[in-house]
Amino acid sequence: MENHHLYIQRAVELAKEGVLNDKGGPFGAVIVKDGKIVGEGSNMVTSQNDPTAHAEVVAIRNACKNLNTFQLTGCTIYASCEPCPMCLGAIYWARPDKLIFACTKEDAKKAGFDDQFIYEEIDLPYSERKITTEQAGRDIALEAFELWQDKKDRIDY
């Protein structure tokens, strides 16, 4: 049985270290497989000038590199906070067995990190979104899907 408290504690340590070392926001994540930490990450958005460098994404990249795979089957992700929509999407694509988080999105909101607007934007028609969103070139873009479907040696994911 995994020691959830130990791994959450490590995720929180990473979050605090990130803040103290000016890496980014107060978020940390740890990925565990078979009782061993296989990936870690802290938020590095501001230090790397990368809006996708959230702790969970950094940890997923680290674990996938360490495990030499693009899927985290058999793994548990421990996060210091409930993942944002981007991180939740990345977590689902990585396919771990479990996600365990400490603080809630409401706790994050109180600290100045509110993702509610993204949840609301997703449900809006394109014409009503805050970022102008249009569709163009579908006919030529479908060619990439046709190539994928015809590829005999593709690696499905």
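A compact table of results
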{"item": "Rounded accessible area of ASP50 (nearest 10 Å², 1.4 Å probe)", "result": "40 Å²"}
{"item": "Length added when fully stretched, THR133-ASP50, from 0.36 nm per residue minus Cα-Cα", "result": "27.7 nm"}
{"item": "Cross-link pairs beyond the 21 Å C-alpha cut-off, checked among LYS16/LYS65; LYS16/LYS110; LYS33/LYS151; LYS36/LYS110; LYS65/LYS98", "result": "LYS16/LYS65; LYS33/LYS151; LYS36/LYS110"}
{"item": "Rounded FRET efficiency, nearest 0.05, which uses the C-beta distance separating ASP22 from ASP114 and R0 of 25 Å", "result": "0.65"}
{"item": "Tail weight of P(r) past 21 Å, computed on alpha-carbon pairs of the chain, percent", "result": "53 percent"}
{"item": "Accessible surface of LYS16 - all protein chains present, 1.4 Å probe, nearest 10 Å²", "result": "130 Å²"}
{"item": "Shape category assigned to region 50-140 from the gyration tensor of Cα positions, a/c cut at 1.5", "result": "oblate"}
{"item": "Sulfur and carbon atoms: percent of accessible area, region 1-132 [1.4 Å]", "result": "55 percent"}
{"item": "Under the Debye formula (equal points on every Cα, no solvent term), log10 I(q)/I(0) of region 19-90 at q = 0.23, 0.27 Å⁻¹", "result": "-0.98, -1.23"}
{"item": "Spatially proximal aspartates and glutamates relative to LYS130 (Cα-Cα < 19 Å; intrachain offsets below 8 disregarded)", "result": "ASP114, ASP115, GLU120, GLU121"}
{"item": "For region 1-48: rounded, prolate or oblate by the Cα gyration tensor [a/c cutoff 1.5]", "result": "prolate"}
{"item": "Cα gyration tensor shape for region 93-156, rounded if a/c is under 1.5, else prolate or oblate", "result": "oblate"}
{"item": "Computed [θ] at 222 nm, helices only, for the chain once each DSSP H run of length n ≥ 4 contributes -39500 (n - 2.57)", "result": "-13500 deg cm²/dmol"}
{"item": "Accessible surface, per residue, of the chain when the full set of protein chains is kept, probe 1.4 Å, Å²", "result": "68 Å²"}
{"item": "Residues ILE155 and LEU6, FRET efficiency given R0 of 22 Å [Cβ-Cβ distance, rounded to 0.05]", "result": "0.05"}
{"item": "Solvent exposure ordering (accessible area, 1.4 Å, most first) of VAL19, VAL30", "result": "VAL19, VAL30"}
{"item": "Rounded to the nearest 10 Å², the accessible area of PHE70 at probe 1.4 Å", "result": "100 Å²"}
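The values are calculated or read from the model by the stated rules, or taken from the named source; none is laboratory data. Just so it is clear, the model here is predicted, and its values are computed rather than measured. Cβ: placed from backbone, ideal geometry, glycine included. Neighbour counts: every protein chain shown. With ligands, DNA and RNA removed, areas are computed over all heavy atoms of the protein, side chains included. Shrake-Rupley method; radii C 1.70, N 1.55, O 1.52, S 1.80 Å.
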